[in-house]
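In what follows, a single structure is set out as structure tokens and then discussed.
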Amino acid sequence: MGKEITAATLLEALAGVAVIYTYNGSRFDLPFIDYALGVNLAERFQHQDLMYDCWRNNLYGGFKAVERQLGIKRELTAVDGLEAVRLWWRYRDYFDLEALDRLLKYNREDVVNLKALKEKLL
């Protein structure tokens, strides 16, 4: 897992997408993807960083803090971005499938809750 993520597979997965929604993606996700894969998503797609929409609505803090303020529920409350990185390395270094499973659940919740946030804001 991980080696199959390439510029080509990323763009294939995004085929048909008009707008990419992120939380703090302007400062983290999109630059990281550009650095790691050489794909500048901001040039290829319309991008809406919901963090700035939150700020305009007096919602501050990280994604999880905003979720709590808006009553968006999360099952994996003990996992944050730093723990997600640790889970990835546990999987990568030790082939820890439990770590991978937990990371995928965390990422799935991020996606689902990002959609919920978008719907509440927009």
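Taken together, the residues in the range 84-104 that are under 22 Å from residue 51 (Cα atoms) and either modelled with pLDDT of 95 or more or among the β-branched types (Val, Ile, Thr) (or both) amount to 1. Looking across the range 81-98, the residues that are within 24 Å of residue 24 (Cβ to Cβ) and of a type in the set (A, V, I, L, M) come down to 82, 84, 85, 87. Contact annotation: no residue pair with Cβ atoms under 7 Å, 6 or more positions apart or on different chains, pairs a residue in the range 66-88 that is closer than 16 Å to residue 100 by Cα with a partner that is outside any helix (DSSP H, G or I) and not acidic (Asp, Glu).
Of all residues in the range 26-44, those satisfying the criterion of being surrounded by 14 or more Cβ atoms within 10 Å (Cβ to Cβ), part of a loop (DSSP other than H, G, I, E, B) and either aliphatic (A, V, I, L, M) or out of contact with any helix residue (DSSP H, G or I) (no Cβ under 8 Å at 6 or more places or on another chain) (or both) are 28, 39.
Residues are listed down the side, and each one gets a yes or a no for (1) assigned to a helix (DSSP H, G or I); (2) crowded, with 16+ Cβ neighbours inside 10 Å:
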site: 12; (1), (2): yes, no
site: 52; (1), (2): yes, no
site: 59; (1), (2): no, yes
site: 68; (1), (2): yes, no
site: 78; (1), (2): no, no
site: 89; (1), (2): yes, no
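Among residues of the range 99-116 that are surrounded by 14 or more Cβ atoms within 10 Å (Cβ to Cβ), those with a Cβ under 6 angstrom from a residue that is β-branched (Val, Ile, Thr), sequence gap 6+ or separate chain, pair up as 106/79; 113/72; 116/72.
The values are calculated or read from the model by the stated rules, or taken from the named source; none is laboratory data. All figures in this text were calculated on a predicted structure; none of them were measured in a lab. Quick reminder, even Gly has a Cβ in these numbers, built from the backbone with ideal geometry, and neighbours come from all protein chains shown.
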